[in-house]
Amino acid sequence: SCDASQLCNCSSMGLEFIPPGLTAKITVLNLAHNRIKHIQSQDLQQAVNLKTLLLQSNEISSIDEDSFQSLERLELLDLSNNSLAHLSPVWFGHLFSLQHLYLQGNAYRDLGQSSPFSSLRNLSSLHLGNPQFSVIRQGNFEGIEFLHKLWIDGSNLSQYEQGSLKSIKEINHMIINLRNSNIFSEILRDLVHSVIWLEVAEIKLPVEKKSLVQNSTRPFRIQKLTFKEALFTDQTISRTIVSMKKITSLKELQAINCVLEGKGMWNTKEIARSGQNFVETITIIKVVIQNFHLFFDLEGMESQVNNLKRLTIASSNVFMVPCKLARHFSSLQYLDFHDNLLVNKRLNETICEHSWPSLQTLNLSQNSLKSLELTAKYIYRLPKLNNLDISQNNFVEIPDECKWPKDLKYLNLSSTQIPKVTRCIPRTLEVLDVSGNNLKEFGLELLSLKELYLTRNQLKTLPGAAPIPNLVALSVRRNKLNSFSKEEFESFRRMELLDASDNNFICSCEFLSFVHHEAGLAQVLVGWPDKYVCDSPLVVRGAQVGAVHLSLMECHRSLVVSLICVLVFLVILLLVAVGYKYHVVWYLRMTWAWLQAKRKPKRAPPKDVCYDAFVSYSENDSEWVENTMVRELEQACPPFRLCLHKRDFVPGKWIVDNIIDSIEKSRKTLFVLSEHFVQSEWCKYELDFSHFRLFDENNDAAILILLEPIQSKAIPKRFCKLRKIMNTKTYLEWPADEQQQHVFWENLKGALKS
């Protein structure tokens, strides 16, 4: 259960005894919330370097006297909320380093006959007492000279021996739960010379005829007195005010969650006769007055408020301060009336002419003010005011012009339902808070403004920097801000803090580039990087803005798409050029026609054969073909029927279809080969298709006539079968010698008949 720093957490493990094996390495041991009943001598003997020992909320009822003897370095010991029926001075005899001791919530009724703490010379904070704690005796605190904090649960304390707390020379802060009002007076007399801040809870103040500090000599030390959950009446409060005046060192009074039974019928004459009031600060929070609407106007108390500098009355149903009383707060600089029932009509009485003449700070937040124009009008009567909080009032509307105190520097208009900002906002402001108003824009010129708070509005962009050139701090948290640019950011030349957290950022490439490369941005942004999260694109939603890096495609999508389109266009253009140069369209059409032809029977039925041979030749060889070969063959006996493209092709029919039909209706195909034939584009197309149809069948339907010597390599390489036939089969060669021509014709006729 121990970590690297030797903090051992064994809390809430159901332990019934301190576990064995504790070593000198342990510095913090947490055994709280277990079921330990007894601490034995050997349990902590080896833990000599222990600094913190937490044993609260167990069932400890007994401790061996030398259980803590080896813990000379212990600084904090918590034995609270156990079952200790008594405290032994021997337990703490060797705890020379102990600074914090918590003993509250046990079962002891007193601290014994002597002091259990006499050896604790370094003790700084001490908590003790419980519901059964009833007696404090002289000598119980001997040995303690200074305490930073002393907390005593004395809710049922019934006996206090005068002078018991006097042995403590100095206490910074003492808290005591006390119901016995008579004991309160005795304790207070002992503490006025030692305690700085005394906090008393659950007290029902006594009606003291004599002074609370009677027979006490000056100088007093007490400066602050706090009452919590106390009960006052008109009579006791009057006597308390009179008694407090005797404590000349007292500067601050607080009353928190207290109850006042009465209507303000205080003995103002006695209070006035008792002399000057030295208290400068009064704080009253959540004081319950049963019939507050019947409360008197405190006439006669005017002389008691002249020296007050700070007054807070919050959450106490205040609805008005009489003008006569308000005019006597001549020294008051700070006034806090937040969370009360002030309305505009009563505000006219509360802030009347010549009232609160020295007031610098005023808090009227969380009241029932409805008119901002009237509120400004009344506050204009406070000539020295520079700090005003009127937030959380339901103004709804804001006028175009308002009159404010000439030195107003701070204005809080947050959560007031104003729909926009107008020239009603004073030009003298250095700090302005208009958060929580659903504002969609902010363009007000405030040349002196240093801090602007626009949290929880509907802004989509940062406000312009030109109207607020001296801005140092800006908050646009929880708006509809999607991003902000380098130009927007750098336009605020004096910006030191920018809170743009909790917005739905669109992590565009431009925004991310700015965030990643802007020097010093992390030092300016409040909440960076945890509070800055991408909302889109979807792939990075929820990721921190500073950790997102988009790809080139995501960042320059339009450019990449444009480049792809240009590239595709160039490829298409290239293909078109290549296709045009190499007649790809023709070959595609011819291939389609050939595929269709392949689906037909390879040879036409005998009844469909119309020709003995289809003649393929070059136009340059047409004279020989038409005048020599055709005459020789068609006038032979019996005559041969030849198919010539000039004569026998069907006009208007596609050339490929004519070729296919002619070849299929011919028993043989005659190729009149020559240099002109090989070089002719037309013959190439015709030869190409013939190659597909005829040579694919691997038969002797083709007859080659070599009109003139020609090399086989002159035939295009793609017609590999034709080249093979030229190399492997006999072809007829037209002889130049007329005597041999007769043999040529006989051989050709024989080939046509075969």
For SER97, the residues 5 or more places away or on another chain with a placed amide H closer than 5 Å to its own amide H are LEU74
Given that just one value was derived from the coordinates, which of (i) 32.5, 114; (ii) 54.5, 168; (iii) 33.9, 103 is Rg and Dmax of the Cα atoms in Å? (ii)
Once label points are set 7 Å from the Cα along Cα→Cβ at both VAL259 and LYS420, what is their separation, rounded to one decimal in nm? 5.2 nm
Can you tell me the FRET efficiency between GLU161 and ASN438 if r is taken as the Cβ-Cβ distance and R0 is 51 Å, rounded to the nearest 0.05? 0.20
With θ taken as phi - 60° and the coefficients 6.51, -1.76 and 1.60, list the Karplus ³J(HN,Hα) couplings across segment 167-183 in order, rounded to whole Hz; mark glycine and proline as x. 5, 7, 6, 8, 10, 6, 9, 10, 10, 9, 8, 8, 9, 7, 5, 5, 5
Karplus-derived 3J(HN,Hα) from phi for segment 516-533 (6.51 cos²θ - 1.76 cosθ + 1.60, θ = phi - 60°), whole Hz, x at Gly and Pro, runs 6, 10, 7, 5, x, 5, 4, 6, 8, 6, 7, x, 6, x, 4, 8, 10, 10
Gyration tensor (alpha-carbon) shape descriptor, segment 225-304, a/c threshold 1.5: oblate
Just flag the GluC sites (Glu not before Pro) in segment 421-519 sitting in loop per DSSP whose Cβ has no more than 15 other Cβ atoms within 10 Å. GLU441, GLU445, GLU496, GLU518
Label-to-label distance, nm, for residues given as GLU488 and ASP737 (7 Å Cα→Cβ offset): 10.2 nm
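Considering only protein heavy atoms and a 1.4 Å probe, what is the carbon-and-sulfur percentage of the accessible area of the chain? Walk me through the intermediate numbers first.
Working: 19120 of 37160 Å².
Looking at the chain in its full context, I get 51 percent from C and S.
For the pair ASN317 and ARG427, what calculated FRET efficiency results from E = 1/(1 + (r/R0)^6), where r is the Cβ-Cβ distance and R0 = 35 Å, to the nearest 0.05? Provide the component values of the computation, followed by the final result.
Working: r = 36 Å, r/R0 = 1.03.
It comes out at approximately 0.45.
Highest mean first, what order results for 642-649, 558-565 on Cβ atoms within 10 Å?
The densest-packed peptide leads the list: 642-649, 558-565.
If you take the beta carbon distance between LYS309 and ILE196 as r and set R0 to 25 Å, what does 1/(1 + (r/R0)^6) give as a FRET efficiency, to the nearest 0.05? Don't jump to the answer; show the numbers that get you there.
On the way: r = 19 Å, r/R0 = 0.75.
It comes to 0.85.
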Mind listing the phi-derived Karplus ³J(HN,Hα) values for segment 392-405, rounded to whole Hz, using 6.51, -1.76 and 1.60 with θ = phi - 60°, and x for any glycine or proline? 6, 10, 9, 6, 6, 10, 9, x, 6, 9, 9, 10, 10, x
Averaging sequence separations of C-alpha pairs under 8 Å and six or more residues apart, then dividing by the length of the chain, give the relative contact order as a whole percent. 3 percent
Would you check the accessible area of LYS204, probe 1.4 Å, heavy atoms only, in square angstrom rounded to 10? 120 Å²
What are the residues whose amide H is under 5 Å from the amide H of ALA314, where those residues sit 5 or more places off or on another chain and H is modelled from the backbone? ILE284, ILE285, LYS286
Under 5 Å between amide H atoms, partner at least 5 residues away or on a different chain: which partners does GLY105 have, H built in plane at 1.01 Å? ASN81, GLY129, ASN130
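Between VAL561 and HIS38, what length comes free when the chain is fully extended (0.36 nm per residue of separation minus the Cα-Cα distance, one decimal in nm)? Mind dumping the intermediate values first?
Values: separation 523, 0.36 × 523 = 188.28 nm, distance 7.96 nm.
Extra length from VAL561 to HIS38 when fully extended: 180.3 nm.
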Just grab the label-to-label distance for LYS406 and GLU299, each label 7 Å out from Cα along the Cβ direction, in nm (one decimal). 3.7 nm
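Can you give the extra length, in nm with one decimal, that the chain gains between LYS370 and VAL568 once fully stretched, where that is 0.36 nm per residue apart less the Cα-Cα distance? Present the calculation step by step, with values, prior to reporting the outcome.
Working: separation 198, 0.36 × 198 = 71.28 nm, distance 6.80 nm.
So the chain would gain 64.5 nm between LYS370 and VAL568.
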Which of PHE146, ILE655, LEU454 sits closest to the plus end of the dipole of the chain, meaning its Cα is farthest towards the positive end, when Lys and Arg get +1 and Asp and Glu get -1 on the C-beta? LEU454
Taking all pairs of distinct alpha-carbon atoms in segment 357-461, Kirkwood radius in angstrom: 13.6 Å
Area accessible to solvent at GLU733, 1.4 Å probe radius, in Å²: 100 Å²
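The values are calculated or read from the model by the stated rules, or taken from the named source; none is laboratory data. Computed from a predicted model, the values in this text were never measured in an experiment. Positions of Cβ are generated from backbone atoms using ideal geometry, with glycine treated the same way; all protein chains shown enter the neighbour counts. Each accessible area value is taken on the protein alone, full model and side chains, heavy atoms only, with ligands, DNA and RNA left out. Shrake-Rupley method; radii C 1.70, N 1.55, O 1.52, S 1.80 Å.
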